[in-house]
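Data first, discussion second: the structure below is written as structure tokens.
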Protein chains: 2
Amino acid sequence: MPGPSLVRVSSTPVPQGRSTRLDSYVDRYAARTQGMTASEIRALFSVASRPEVVSLAGGMPNITGLPLDVVSQSLTELVAQRGTVAMQYASAQGDPVLREQITEVMRLEGINAHPDDVCVTVGSQQAVDLVTRIFCDPGDVVLCEAPSYVGALGVFRAYQCDVVHVAMDDDGLVPEALRQAIAAVQASGRRIKFLYTIPNFHNPAGVSLAAARRAEILDICAEADLLVLEDNPYGLLGFEGEPYRALRADESERVVYLGSFSKTFAPGFRVGWVLAPHAVREKLVLAQESATLCPPTFSQLAVSSYLADHDWKGQVKQFREMYRERRDAMLAALQDQMPPGTTWTRPAGGFYVWVTLPEGIDAKAMLPRAVTARVAYVPGTAFYADGFGSSCMRLSYCYPTPERITEGVRRLGGVIDAEMDLRRTFGGPLPRGERGYDGPQSDLT
Amino acid sequence: MPGPSLVRVSSTPVPQGRSTRLDSYVDRYAARTQGMTASEIRALFSVASRPEVVSLAGGMPNITGLPLDVVSQSLTELVAQRGTVAMQYASAQGDPVLREQITEVMRLEGINAHPDDVCVTVGSQQAVDLVTRIFCDPGDVVLCEAPSYVGALGVFRAYQCDVVHVAMDDDGLVPEALRQAIAAVQASGRRIKFLYTIPNFHNPAGVSLAAARRAEILDICAEADLLVLEDNPYGLLGFEGEPYRALRADESERVVYLGSFSKTFAPGFRVGWVLAPHAVREKLVLAQESATLCPPTFSQLAVSSYLADHDWKGQVKQFREMYRERRDAMLAALQDQMPPGTTWTRPAGGFYVWVTLPEGIDAKAMLPRAVTARVAYVPGTAFYADGFGSSCMRLSYCYPTPERITEGVRRLGGVIDAEMDLRRTFGGPLPRGERGYDGPQSDLT
């Protein structure tokens, strides 16, 4: 069982083996590399992956429900019938049949697209990377929701963009806040390259952009002549009714749309995509050639075969039901366990709940104590480029079972209670570690 | 059969469907994107892929000899035993077992490495991308052989590096030329970030760095305090004796080594790797997280299973014999068919022969005429960042059968003869297309 030494891991930054050796290459790195630093709480996350800890931190989908026999049969046929094609180089844009299938997936969200405008990527993470690569010079501004996806913030940092956050509420991005952010950036003389937004089942905020706001957001972007990068990995994982209509469904020239099979099938193949206006798609293909020559052929054909051979929509329906049950378990447990003054979002799909703690409680400073109590989460500051979010945390319900979620939230409630007691006893904010990049590098923990 | 219209495709750039539509996004792209332009001879290469054309242009390995039954069995077991692991996210650094196996592969070239210093990449193309990403600011100089690998030049261009070429001869990179290049760049006040070199069975030059030169090259780089990026995709595909000793075998802190399974197994999994000094490896993992979250788990475990379940070294031996036979066919045909004044390299491994044409013949201007005669190659200018190489071409013997190679070189000989006749009749250099980027984007055609 974790002992008190865990607390020390993060409250005082300690040497992490070889990683703190003097880096004799430090003068050689590119300017962009100076921003690539490992999270100071990374050591803590490796502890959090121990089985006795309930991790409400990670964003890994639960794929235990996948029909392995179908996948296996599908791969056997793929190798027998097209093995030397599947194992060979292919086009940088991606397999034509898969791109056709991708347009059918997007049709479920109202998108009418041509396969020629789809570019397959190594997960939609690479899609964020390639879009940023072709559009952003150092110092360019990217507008992001507040909070925003940690992996996208990492890309924007790697390309030396300035992230400006735009407020959300329970109905997603706030149009008036977007107008104000655009005006403020323009007044400062900087250039906005695009709005990065996750309209559906937001990671980490757990909210969705209200239908009534969608046209307004597009109008604001049109007026300011901004591109929109619509990131939609969870769109088909809604718990109520039909999938929401994509922004891209109503605006094809201004919206660059990102999709992924990581949550509707499996992440290990790393197959995502970009749907972009034709000229942009051409640049993306050139960027992909430079980045990888081509996305993995075998992965693409494996996904394509799975989509063709299996009732994948039925599988997604099962995923939805499984995640809904977990969402319900988490919301019920939060209702039972959270002290007064704590608030949280109520996601209608996806993987995440965003919790705001009672005033004065610092989620990052509390994390080592939570891990000692065998529960983990991601502190809110990870999802901001500007140090905000210290009183917030992201809780994931995607991976643990409902029973574990209930137990995890129970433990978390105890930790917050103890934190409030301490605060009442000693007053003022509790001590926390050094400021700096607060999050994991990605959602994988 | 291709008619005269083919000639027009490249001698006069013609509209290529939608690609020449006015790009309304052009003002929004990053500065780096301005250099990402499609090859003007790309249209020609799509013609060159017709079956009646013998393509000596592409760099695709011939994987028809792979044991598909072994691969299939291996994948069936993988899915049955570790399916949900293989289809899940994993570490950005790559699978630990695969990294251990990679160290065993590198041991064949004298490298003694720790798996912790290996970072798995999406093919070694992504390795070039990530290394350049962490080291190179715009304007930094990268030293490359003259000629150099087209895919690496594309990466350096995408990161806005200045490429300075260093002369080679039949024994590879010329030490004195390296000394001079370093001095010249330093005198100009610019900073060299690394020497990018392919010591073994060079693409495109078909030569290898002589054993006697290897220590000298390392000494020169040590003296100038330069890193070396050693790209070695063909190292195990030598036709004579044991694999050459890697530069990395004798220098672990200055050499960043790139390897790949694309030529020893299959490219469609896109599994390559970087072996780097520990501090650099840490930056590469952070860059990989930003680029893709993690390289494809399924691909990695597929390669790992193949290596474990199969006599992969025996398979590589078969590949070597197959490629040697094709090399022999190409050298014999060149001997028979090339007019006086033509010279070429004699590769001891790998995929490529570098041909220098008689004076005054421009390989790029001649390409449409060659395609009309149903043979294709890559003009030498593709392998230079500075417009040189116009009298040269790269011929690949990896993919066509020996009979097709013989026929292709026969056709090529006829085209060169005709070109020389024309030149004798009209004098002066023959007309060629617009200057600009001359090559394919990659080796896939």
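Among all residues of the range B:325-338, there is at least one that is touching a Cys at 6+ places or on another chain (Cβ under 8 Å) and either surrounded by fewer than 18 Cβ atoms within 10 Å (Cβ to Cβ) or away from chain A (no Cβ under 14 Å) (or both).
Might you check whether a residue that is within 14 Å of another protein chain (Cβ to nearest Cβ), surrounded by 24 or more Cβ atoms within 10 Å (Cβ to Cβ) and over 21 Å from the mean Cα position of the chain (by Cα) occurs anywhere in the range A:106-120? Break it down into steps so the answer makes sense when it comes.
Initially, the range A:106-120 is screened for residues within 14 Å of another protein chain (Cβ to nearest Cβ), giving A:114-117, A:119-120.
With the extra rule that they be surrounded by 24 or more Cβ atoms within 10 Å (Cβ to Cβ), the set shrinks to A:119-120.
If we keep only those that are over 21 Å from the mean Cα position of the chain (by Cα) as well, we get none.
Taking every residue of the range A:106-120 in turn, none turns out to be within 14 Å of another protein chain (Cβ to nearest Cβ), surrounded by 24 or more Cβ atoms within 10 Å (Cβ to Cβ) and over 21 Å from the mean Cα position of the chain (by Cα).
The set of residues in the range B:108-135 that are closer than 18 Å to residue B:235 by Cβ and among the hydroxyl-bearing types (Ser, Thr, Tyr) comprises B:121, B:124. Residues of the range A:31-53 that are more than 23 Å from the chain's Cα centre (by Cα) and either crowded, with 20+ Cβ neighbours inside 10 Å or more than 14 Å from chain B (Cβ to nearest Cβ) (or both): A:51, A:52. Considering only residues in the range A:251-267 that are free of Cβ contacts under 8 Å to residues at least 60 places away in the same chain and buried (at least 24 other Cβ atoms within 10 Å of the Cβ), the one that is nearest to the chain's Cα centre (by Cα) turns out to be A:261. Here residue B:72 meets each of (1) in contact with a Gly (Cβ under 9 Å, 6 or more places away or on another chain); (2) touching a residue at least 40 places away in the same chain (Cβ under 8 Å); (3) assigned to a helix (DSSP H, G or I) with one exception, condition (2). From the list B:433, B:428, B:439, the lone residue that is within 14 Å of chain A (Cβ to nearest Cβ) and modelled with pLDDT under 95 is B:439.
Step by step: first the residues of the range A:309-324, then only those that are over 23 Å from residue A:75 (Cβ atoms) and charged (D, E, K, R), then the one that is least open to solvent (accessible area, probe 1.4 Å). Which residue is that?
Applying the first criterion (over 23 Å from residue A:75 (Cβ atoms)) to the range A:309-324 yields A:317, A:320-324.
If we keep only those that are charged (D, E, K, R) too, we end up with A:317, A:320-321, A:324.
Working: A:317: 109, A:320: 64, A:321: 88, A:324: 85 Å².
Applying the filter and picking the extreme gives A:320.
Per the listing B:225, B:171, B:231, the residue uniquely open to solvent by less than 30 Å² (accessible area, probe 1.4 Å), out of contact with any His (no Cβ under 6 Å at 6 or more places or on another chain) and of a type in the set (Asp, Glu) is B:231.
Conditions tested, residue by residue: (1) touching a residue at least 40 places away in the same chain (Cβ under 8 Å); (2) within 14 Å of another protein chain (Cβ to nearest Cβ); (3) more than 30 Å from residue A:270 (Cα to Cα).
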| position | (1), (2), (3) |
| --- | --- |
| B:130 | yes, yes, no |
| B:133 | yes, yes, no |
| B:142 | yes, yes, yes |
| B:153 | yes, yes, no |
| B:175 | yes, no, yes |
| B:186 | no, no, yes |
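Report, by residue number, each residue of the range A:222-250 that is without any contact (Cβ under 8 Å) to a residue 40 or more places away in the chain and within 14 Å of chain B (Cβ to nearest Cβ). Within the range A:222-250, A:222, A:225, A:228 qualify. Taking the criterion of being of a type in the set (Ser, Thr, Tyr), facing chain A (nearest Cβ under 8 Å) and open to solvent by less than 30 Å² (accessible area, probe 1.4 Å), the only residue of the range B:81-105 that qualifies is B:89.
For the range B:282-299, the criterion of being over 25 Å from residue B:112 (Cα atoms), assigned to a helix (DSSP H, G or I) and more than 7 Å from chain A (Cβ to nearest Cβ) is met by no residue.
The set of residues in the range B:129-138 being farther than 17 Å from residue B:246 by Cβ and open to solvent by less than 30 Å² (accessible area, probe 1.4 Å) consists of B:129, B:130, B:132, B:133, B:134, B:135, B:136. Summed over the range B:155-164, residues that are of a type in the set (A, V, I, L, M) and either at the interface with chain A (Cβ under 8 Å from one of its Cβ atoms) or open to solvent by less than 10 Å² (accessible area, probe 1.4 Å) (or both) total 2.
Test residue B:376 against the criterion of being modelled with pLDDT of 95 or more and farther than 14 Å from residue B:338 by Cα, and give yes or no. Spelling it out, residue B:376 is indeed modelled with pLDDT of 95 or more and farther than 14 Å from residue B:338 by Cα.
Only a single criterion out of (1) within 30 Å of residue A:54 (Cα to Cα); (2) part of a loop (DSSP other than H, G, I, E, B) is not satisfied by residue A:325, namely (2). Scan the range A:63-77 for residues that are open to solvent by less than 30 Å² (accessible area, probe 1.4 Å) and more than 9 Å from chain B (Cβ to nearest Cβ) and the total you get is 2.
Hey, among A:50, A:99, which residue is in contact with a Pro (Cβ under 8 Å, 6 or more places away or on another chain) and at pLDDT 95 or above? Only one candidate qualifies: A:99.
Looking at the range A:78-110 only, could you name the residues that are small (Gly, Ala, Ser) and outside any loop (DSSP other than H, G, I, E, B)?
If we filter the range A:78-110 for residues that are small (Gly, Ala, Ser), which is where we start, we get A:80, A:83, A:86, A:90-92, A:94, A:110.
Residues satisfying the conditions are A:80, A:83, A:86.
Only residues that are open to solvent by less than 10 Å² (accessible area, probe 1.4 Å), in contact with a Pro (Cβ under 8 Å, 6 or more places away or on another chain) and either of a type in the set (Asp, Glu) or over 27 Å from residue A:156 (Cβ atoms) (or both): list them for the range A:367-397, please. Result: A:371, single match.
Would you mind stating whether residue B:146 is facing chain A (nearest Cβ under 10 Å), over 18 Å from residue B:256 (Cα atoms) and either polar (S, T, N, Q) or buried (at least 18 other Cβ atoms within 10 Å of the Cβ) (or both)? Break it down into steps so the answer makes sense when it comes.
Values: facing chain A (nearest Cβ under 10 Å): no; over 18 Å from residue B:256 (Cα atoms): yes; either polar (S, T, N, Q) or buried (at least 18 other Cβ atoms within 10 Å of the Cβ) (or both): yes.
Spelling it out, it is not the case that residue B:146 is facing chain A (nearest Cβ under 10 Å), over 18 Å from residue B:256 (Cα atoms) and either polar (S, T, N, Q) or buried (at least 18 other Cβ atoms within 10 Å of the Cβ) (or both).
The values are calculated or read from the model by the stated rules, or taken from the named source; none is laboratory data. As the structure is a computational prediction, the values presented were derived from the model and not from experiment. A quick note on method: Cβ atoms are made from the backbone with ideal geometry, for glycine too, and the neighbour counts reach across all protein chains shown. Protein only, heavy atoms only, side chains kept; ligands, DNA and RNA dropped before computing areas. Shrake-Rupley method; radii C 1.70, N 1.55, O 1.52, S 1.80 Å.
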